[in-house]
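See below for the structure under consideration.
Bear in mind these aren't lab numbers, they're just calculated from the coordinates by the rules spelled out. Because the structure is a prediction, the values reported are computed rather than measured. Note: ideal-geometry Cβ built from the backbone for every residue, glycine included; neighbour counts use all protein chains shown.
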Amino acid sequence: LDMKELDLLYDVMVQYYRMTFRYADSQCRDVTDKKEMFAYIARLQLGASLSEITRYMRWKSHASAIHAISNIGGYIEYYSGFKRQFNDIIDEYEFRNAVGLLFDLQ
């Protein structure tokens with residue numbers, strides 16, 4: 001997986017949630033939900049490996065990614081708010097990807 005795809009997903013999510021969360025050490029639910037949503041989308045929609053997600057999020061082990069993906073999968077199934085967030089983020093990601101709005105880091 002090209003890291004630019006993960007960068008684009010993260011950028012979409014930062015704008016959607018209006019906050020950064022990648023390097024946040026906070027264990028509050030608000031931050032962890034966003035990290036878990038990122039892992040879920042990266043794995044199931046982009047096909048990122050557990051090790052790619054773990055490195056990107058700077059987690060200590062891929063067990064964190066497994067736990068995150070499992071949590072959000074359950075939330076999406078049972079809570080309409082999470083399902084809506086998931087769909088909104090995927091729609092925006094696919095739109096930006098389709099029109100080639102991959103931002104240039106140079």
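For the chain, relative contact order (Cα pairs under 8 Å, six or more residues apart, normalised by length) works out to 28 percent. Backbone geometry of the range 33-48 corresponds, through the Karplus equation with coefficients 6.51, -1.76 and 1.60 at θ = phi - 60°, to 3J(HN,Hα) couplings of 4, 5, 4, 5, 5, 4, 4, 4, 5, 4, 6, 8, 9, 9, x, 5 Hz, x marking Gly and Pro.
Calculated [222 nm] ellipticity per residue, helices only, for the chain: -23000 deg cm²/dmol; basis is -39500 (n - 2.57) per DSSP H run with n ≥ 4, divided by all residues, nearest 500. The stretch between Tyr16 and Asp88 holds 25.1 nm of extra length on full extension. This uses 0.36 nm per residue minus the Cα-Cα distance. Residue by residue, the range 58-66 carries 3J(HN,Hα) couplings of 6, 7, 7, 8, 5, 4, 5, 5, 4 Hz when phi is fed to the Karplus relation 6.51 cos²θ - 1.76 cosθ + 1.60 (θ = phi - 60°); x denotes Gly or Pro.
Between the exposed loop cleavage positions of the chain, defined as trypsin sites (Lys or Arg not before Pro) in a non-H, G, I, E, B DSSP state with at most 16 neighbouring beta-carbon atoms within 10 angstrom, the longest gap is 61-106.
P(r) tail for the chain, what percent of Cα pairs lie past 17 Å? Counting pairs separated by more than 17 Å, the tail of P(r) holds 49 percent.
The chymotrypsin sites (Phe, Trp or Tyr not before Pro) of the range 12-106 that meet both conditions, a loop assignment by DSSP and at most 13 other Cβ atoms within 10 Å of the site Cβ, are Tyr23, Tyr79, Phe103. Here the chain is assigned +1 on the Cβ of each Lys and Arg and -1 on the Cβ of each Asp and Glu. Its dipole about the Cα centre then comes out at about 340 debye.
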